Amino acid sequence: MLDKLRDEALALIAATPQCTLSTIGPAGLQASIVSCIVRADCIYVLLPSTAEHLFNLEQDTEVVLTGALWQLRAAALALGAVDGLHGTAPHEISARARTEGQALVEVFPIRMHIEPGRQRRYRETIDFYLPS
């Protein structure tokens, strides 16, 4: 049952081509509209390679992604800038990041809140597990 809810939550994120990424750290509170791509149980975010978010992620890996009907608390790992390696990211996402001159951030969901909407009468909270 939980896997079904997690799959639904990830599908909702996948249906949102852009969301707001929020980080906090040495560069202060940062919020930016970013492209997000979902593959398997992971979310990938494309950022300008000069984004202050990358500086913040060096100190604090906790991020928040926000869409119109949802909010996701997550842990993030910057995979590299334009000339860096993109580790575990699928090839097409790594290629897109390089082509667009973007840095790639891998986002691991922790907890998602989904607001009431078309099919939901109440706010839902879904917990994810972090990979070991």
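A short reminder: the numbers here are calculations on the coordinates, not readings from a lab. Quantities reported herein were computed from a predicted structural model and do not represent experimental measurements. Here Cβ is always computed from backbone atoms with ideal geometry, including for glycine, and neighbour counts include all displayed protein chains.
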Between 0 and 90°, nearest 10: helix 91-100 axis offset from the chain longest Cα axis: 60 degrees
Along the chain, longest interval not containing exposed chymotrypsin sites (Phe, Trp or Tyr not before Pro), exposed being DSSP loop plus at most 15 other Cβ atoms within 10 Å: 1-121
Helix 2-14 axis, angle to the chain major axis (alpha carbon atoms, nearest 10°): 60 degrees
Percent of Cα-Cα distances greater than 17 Å, calculated over region 1-119: 52 percent
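Which whole-number percent gives the relative contact order of the chain, counting Cα pairs below 8 Å spaced six or more residues apart?
Numbers: 257 pairs, mean separation 30.1, N = 132.
Taking the mean separation of contacting Cα pairs over the length of the chain, I get 23 percent.
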Under Karplus coefficients 6.51, -1.76 and 1.60, residue-wise ³J(HN,Hα) of region 60-67 in Hz, glycine/proline x: 9, 8, 7, 9, 10, 9, 10, x
